[in-house]
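Step one of this worksheet: look at the structure below.
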Amino acid sequence: MAKNCLRIAHQGETIQLSWQRGQASPRFADTVTFEHPFDQQALTDLRWYLEKYLRFPYGLAPDKAAKIEQRLQTWGEQLFELVFRSSEKAREFFQAATYDGLHNCELVITSDDPTVLNLPWELLYSTSDRQFLAPTLAGMSRSLSEYAVRAEMSPLPQDKLNILLVIARPYGEKDIALKTIARPLLDSVSQIRQKVNIKVLRPPSFEEFERELNRNKGFYHIVHFDGHGDFDANSQGFHHTLGGLGQGVLVFEALDGSPQIVTAAQIAQNLADCGVPIFVLNACKSAQEGEAKFSSVATRLVSLGAKGVVAMAYNVQAEAAKHFMGRLYGEFVAGASLSNAVAAGRKAVLNQPQRPSPKGDKPLRDWLVPVLYQQEPYTPFLPKNNIDVPDIDDLLVETSHVTSLHGFPEEGAYGFIGRDYDILRLERGFRQNNIVLLQGMGGVGKTELACGFARWLEETQGRAGKIFFVSFEHGATLSNVVNQVGREVWGDKFSPLSTDKQRLAVLKYLQTQPCLLIWDNFEPVNGFPTGNEPLLNGEERNELKQFLKELRAGKTWVLITSRREETWLDCGYTLLNLGGLWEQDVEELAAKILQTAGVDRAKLPKEYLELLKLLGGHPLSLRVVLPHLKTQTPAQLIEALRRGLDTFKGVEEEGRDKSLTVSLDYSFAKLSEQARRHLPFLALFSERVDAHWLYQFSESPDKEYGQAYRAVFGENLQKADWLKILNQAAAAGIVEYLLSETIYKIHPALPWYLRQQLNTMVSLRVERSGTKQSHDTEQSGDCFASLAMTDTTSLTMTDEEVINELEKKLLIFYAYLADKYREKLISNAKLATFVLRVEEPNLLQNLRLAEQQQEWAYAQAILQALGDVYHRP
């Protein structure tokens, strides 16, 4: 704990500096007029630098950031001049503090004015010492002139540091990512877990918060709130009992996941009643004061008796949070005071400034983000025997961990990345139902999420029982499930039991114990795609079905992953659909992929972010496409993906990731002959396709569109044919249902794969043109052989000419479609706008084709239609 203290006391329009050496009486300098040293633009620039710069470090952003970094010192000098050079006494006090060692001195800012408390005091910069003060001081905190006096708290347990972690994300994707605080916190304390007890509040509701604290009065040292905070000008809190001019609020999460707004006063009352001294707060706006006194969460909590509140003045980067939290809690465990622990955490952030960005790791001066509010010095944890913990470094020893995970596959090359909101969606799903089906396209990351969710539950004590993983990809049965659980629970005693007794024993165990079963790749069990032979017979499927029904009333959770819904189970599961990764998670995965591929992200242009967006957050697409940035530009890859060119076709390269190709090959081979023949036409489409337009283009052999289609695919199709084909593809996870009954979503990497299929089909057509068509068809038995029966008028054309002719006809088709629905914008605006918006990706793709081929009339038709839609209100 620091020996000395410098205090800046603000009142009205003045400030007064005081100096206290040790236990001596404080000495005071003269009051001086306090003029706000920061204008609004300066504060806006600072927030941009800390919160937004590294999200898009391209163009003019690096130069702007560099200028702001230079101004950090200028702002700090202005603040320093105001405080420490405003009078001779002020100069004397700072010199005395420097002489005794700033590492032995704490700096306290006292005020009741939110504007003053909200200033970035951490930027104080000494020109004589040429350093920012905050990282050098023993501690730095903010306090209030007036606050509630509470009875002294009862002694807390000293065997472990007890932390209640509240993770609330009621706003879904609008909330900060789970990894921003929760995961860094867990990672950072992993090496001192023998001295730290972390409990995650489940569910993160205010009612459960009250119950947990009241059940464990005098137990928790810290409540760590990882969620959203704000200022409520009308004080419309959870019960709105306080009235007043407004105050800070925190947003908890109701049982159904909806927001639950709670005033800081209510939270403070619970902390005081249950003897919790410290509140750690990383909520958005948590340290940003409102206009009224004591309005923010941090000041409100301190004003009502909390010993201390650690808050974030700005949105914190996950990497910075990891460094700060790790050091903060490590210092607590070692017996440091609250102020000293925060100072140590700030130094850890300062000493490790590299933060992730799309251009690679970049330095960021974000050590000023953590702030401390406290009214008096406080040490939350004193180890029973200091001989056992002589130094913080002695605590950083990994302890052996007995896992509760059984049968799990190894993590992939890049580990588990992202899926924060999906993990919380799963938790919410299991609050309502103990059976959840996770459905998503092939390769989207269902298995990775299931395993990541299991590890998250293990790390946070979300399941007290064991966690089991079984893959059904190759036809596992109920006996596999029963044997895995039984042998793990009872060991050698399980095998001698009869089959019926084994099943009953496992069923009873799972009904009474809070376990988790993961049934992965479940789609082949009942035949996949639909119409294919099931891997399990009827009796085996019924056994699984009955087993699930018997588990419904029990304590075990069951997570099933599949590329489709499994309605035949008839067990009333909760369905969760899985899409791509979030933007920041995509960048994190991309960084690892490019590092492995030897690509320097710092040298990539801003089109790199456009490429990531185009890939739609699909992990397998990222893994297949991004390594090609070693030899091609992002713009080239964007064009290749959009046009379905042959960019990725060629001789197999050593170490090339073939996972997407393998996944698509598997699904493609399971489709009907008709589907395998006609799906390659989708190579010419982008993002989505409407079966209605596929039919309009391909249905008539008497029209030029139908003739061009028949020349390549050997036959014309009706709408029912296309719906059948697309439904097969959707069941196989190759496309997704999107809108109405005819519109489907195309995975961004799918056109590349289908283009290869299309090229193969056309090549076979030419190769077989000189042979007897019937003989070829009869002997080969595949969908390509019948292409020898296509119109002989096209056989004199090269492969490229045949495909180019088809593309040209599709361009004409879309130009006429655009013109037709542009006219309908007058007579039926709703329908026309819908059609043009849905077809926008295909219109844009054909617009690029028209420009390349200098077909300006067609380009004009498409441009005019899109322009009219874009300008509509």
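The values are calculated or read from the model by the stated rules, or taken from the named source; none is laboratory data. In this text, all values refer to a predicted model and were calculated from it rather than measured experimentally. Backbone-built Cβ (ideal geometry, glycine too); neighbour counts: all protein chains shown.
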* Asked: Do you know which residues across the stretch 690-714 are in contact with a Leu (Cβ under 6 Å, 6 or more places away or on another chain) and closer than 25 Å to LEU739 by Cβ?
  -> ALA691, SER698
* Hits in the stretch 832-869 (condition: farther than 16 Å from ILE812 by Cβ and acidic (Asp, Glu)) -> GLU840, ASP868
* Which ones in the stretch 835-850 are farther than 14 Å from TRP693 by Cα and of a type in the set (A, V, I, L, M, F, W, C)? -> LEU844, LEU847, LEU849, ALA850
* Candidate set from the stretch 82-92 (those that are surrounded by 14 or more Cβ atoms within 10 Å (Cβ to Cβ) and farther than 16 Å from THR127 by Cα); member that is modelled with the lowest pLDDT -> SER87
* Before we move on, is VAL189 surrounded by 15 or more Cβ atoms within 10 Å (Cβ to Cβ), at pLDDT below 75 and either touching a Lys or Arg at 6+ places or on another chain (Cβ under 6 Å) or within 24 Å of ASN216 (Cβ to Cβ) (or both)? -> yes
* Asked: Given the structure, is VAL470 more than 28 Å from ASN577 (Cβ to Cβ), buried (at least 18 other Cβ atoms within 10 Å of the Cβ), among the aliphatic types (A, V, I, L, M) and touching a strand residue (DSSP E or B) at 6+ places or on another chain (Cβ under 9 Å)?
  -> no
* **Entirely in the stretch 664-720, the helices (runs of 4 or more DSSP H) that have 3 or more residues that are within 13 Å of ARG755 (Cα to Cα) and either within 33 Å of the chain's Cα centre (by Cα) or outside the structural domain of TYR814 (by TED's automatic domain parsing) (or both)** => 673-678
* To do: Filter the stretch 278-288 down to residues that are assigned to a loop (DSSP other than H, G, I, E, B) and in contact with a helix residue (DSSP H, G or I) (Cβ under 8 Å, 6 or more places away or on another chain) and give me whichever is modelled with the highest pLDDT.
  => ASN282
* Which residue out of GLN78, GLN23, GLN95, GLN70 is in the same structural domain as TRP121 (by TED's automatic domain parsing) and either surrounded by 15 or more Cβ atoms within 10 Å (Cβ to Cβ) or in contact (Cβ under 8 Å) with a residue 40 or more places away in the chain (or both)? -> GLN78
* Asked: Would you pick out the residues in the stretch 564-606 that are polar (S, T, N, Q) and surrounded by 16 or more Cβ atoms within 10 Å (Cβ to Cβ)?
  -> THR574, GLN584
* Residue selected from the stretch 483-497 under the condition out of contact with any helix residue (DSSP H, G or I) (no Cβ under 8 Å at 6 or more places or on another chain) and closer than 21 Å to LEU544 by Cα, by the criterion surrounded by the most Cβ atoms within 10 Å (Cβ to Cβ) -> GLN484
* Structure fact -> Across the stretch 851-864, the tally of residues that are under 25 Å from GLY706 (Cβ atoms), modelled with pLDDT of 90 or more and of a type outside the set (Asp, Glu) stands at 5
